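Just below is one structure, and these are the notes that go with it.
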Amino acid sequence: MAGNAKRKQHKTFKLQMKFSWKNFFLYGFIALAGFFLFISLNQGFEDTKTVPISEILSEVKKGNVSQVSVLDNKITATVKNNGKIQAFKEPSSNVYQLFKDAGVPADKTKVLIRDESGLNSWLNILSAILPIVLMIAFFYFLFRQARGAQESIFSFGQSKAKLFNKDLPKTTFADVAGVDEAKQELTEIVDFLKNPGKYKAVGARTPKGVLMVGPSGTGKTLLARATAGEAGVPFFSMAGSEFMEMLVGVGASRVRDLFNTAKKAQPAIIFIDEIDAIGRQRGVGLMGGHDEREQTLNQILVEMDGFTPNEQLVVMAATNREDVLDPALVRPGRFDRKVQFDLPDVVGRKAILQIHAKGKPFAQDVDWEKVAKRTVGFSGADLENMLNEAAILAARQGKKTIDLKNIYESSTKVQLGPEKKRLQSDEDRRMTAYHEAGHALVSWHMPHMDPVNQVSIVSRSRTLGHTRMDESDRVHHTKTGLLERITVMLGGRAAEQLVFKEMTSGAADDIAKATRIARAMVEELGMSDLGPIKLDIEPQSYYDRSSISPEMAARIDAEVKKLMDTSYKNANAILTKLRSKLDLLAGELMKKETIDAEEFVKLIGPKTAPAKVTV
């Protein structure tokens, strides 16, 4: 410990010495300038009157001079009660001879002979050398600046990858949940890096690349770091956009530098996040084949294809746009494995919640099973954000623990946005109440729709209210289920038309979402009278043309309109039949603003199972 302290002190002393020498010239110039300024000010502010030398001799003779100071040819006399006077003598004359010739006794006053010839010599030397030193220092400064700029230009080609080694806090598979299939795939990569000999014995080579594909927030980057943590190897992380610069060739140079650095540290993992920034298909843009992005992609292809079988270097990349990647990049031999990430199911969401709940005080009534069922469609990032928002809400309310109510409120905030205290007239609130009651009752009446979880007329984000269901994790969507979903979305407009005999702008978002589902049923899913056919109306790229005729486009529009019209009629028929319940639910919303699942069941009754919607 003592040796470490001495080394630290020695290092600090060196740094201080380096700093002093670096600023030596600057401080020296400031001191010299201050010195010259001091001399000039002293000389300029001396209150001395120049008179003939005879006047000084006369004052000395009268006894009015207390002291005579002689400096070269200048004689300065200090006159009692009258300041100083000065005169100039001949260079060859002597002050004592002048006193003698004027008949002034030598002991009449005190005579002080000053000799500043040495100081004047130094001042003359400095005044001659100082401009030269300043000029040399100025050109030296320019040279250093130019050299630094040159070095910064050449440093553009160096990789900016962030290195995560074993000295940093380690992320392992225990820190990742909800992606069990992906973890299983990457467990083999860990084993490859740890025990390469086992696979060489049977002729297997280490996979060169692993492409992770999935929606944002599903844990691709986190799992890549966890893979390096499990394997205990260096982890070089870099985003796709960090390869690009304004200078041509910089991206390719950074790719070479990154791979060379990683090869020296192997076994290692290179991780390229958002690889679609540089890995897009070549030759489909308007800039030709020689732009910087394509050169960077070409260099990545060369580096990944140039590995020898003995190299223990794995390239991992993440993207949520697999469709735009160049085929040469994703082929076997470069990215040998593709790991698919999906939104977590209810089991995965529960595991993710339990991981992010560590270190937070939760109330005893918190049931993670219920929370997981209520957060269908949430990614891992959404769940982490939800729990953080719940903790913030609990702290703002002065609570010591986070309860279930805080979690439910934060889930609504993450999904729909924060509450807004928007001033509304009673008529606007009444319209919103009937609109949301229309959604809730149509959903309650449909056999395949999920139970209503919450109905509210509290404004959030750009919505004036919302109706939430306890959605279940579905793999397949049936035609009947999609038609019921469209009918529920149009239930708000149907309620407005039924009660107010008027249409409002509040149904715009519902209509847009319903239309998208109906169009997907016709164009992509083959759920219409046009039959099982995939219809691409929009061109896939700038150079493509629509693959359907104008006549077919008109038939598609007619099918979409048919689905929408039929669903709207069904919604209107349901609400006409349930008009008394509609008025009851809207009235309660006007009073309470928000109604949860239990209150909804008590008010409306248990869910029924009427006949299916038909088209």
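Bear in mind these aren't lab numbers, they're just calculated from the coordinates by the rules spelled out. Predicted model only: the values in this text are computed from it and were never measured. Here the Cβ is made from the backbone with ideal geometry for all residues, glycine too, and neighbour counts use every protein chain on show.
Annotations for the structure displayed:
- Here the residues Y408, Y140, Y199, ranked from fewest to most Cβ neighbours within 10 Å of their Cβ, fall in the order Y140, Y199, Y408.
- The stretch between V51 and H448 holds 131.1 nm of extra length on full extension. This uses 0.36 nm per residue minus the Cα-Cα distance.
- Taking the number of Cβ atoms within 10 Å of each Cβ as an exposure proxy, the fewest-first ranking of E409, E230 is E409, E230.
- Of the trypsin sites (Lys or Arg not before Pro) found in segment 341-404, the ones in coil according to DSSP and having at most 13 other Cβ atoms within 10 Å of their Cβ are K358, K400.
- Mean-position separation - Cα centroids, segment 186-224 and segment 487-528, in angstrom: 46
- Modelled label positions at L525 and L584, each set 7 Å beyond Cα in the direction of Cβ, lie 3.3 nm from each other.
- In segment 302-407, GluC sites (Glu not before Pro) in a DSSP loop with at most 14 other beta-carbon atoms within 10 Å: none
- Between V133 and D180, residue separation times 0.36 nm minus the direct Cα-Cα distance comes to 9.8 nm.
- Amide N proximity, segment 251-270 versus K200 label position 7 Å along Cα-to-Cβ, cut-off under 19 Å: 263-269
- Sites D470 and K534 - FRET efficiency at Förster radius 41 Å, r taken between beta-carbons, to 0.05: 0.80
- Treating r as the C-beta distance of E427 and D191 and R0 as 56 Å, the FRET efficiency rounds to 0.25.
- Theoretical FRET efficiency, 1/(1+(r/R0)^6), r = Cβ-Cβ of R321 and Q364, R0 56 Å, to 0.05: 0.80
- Here the label points at Q354 and E593, each 7 Å from Cα along the C-beta direction, are separated by 3.7 nm in the simple model.
- For segment 462-529, the set of trypsin sites (Lys or Arg not before Pro) satisfying both a DSSP loop assignment and a count of at most 16 other C-beta atoms within 10 Å is given as R462, R474, K501.
- Inter-part distance where segment 319-341 and segment 436-464 are each reduced to a Cα centre, Å: 40
- Beyond 24 Å in Cα-Cα separation lie the following of the pairs K194/K220; K569/K592; K208/K263: K569/K592.
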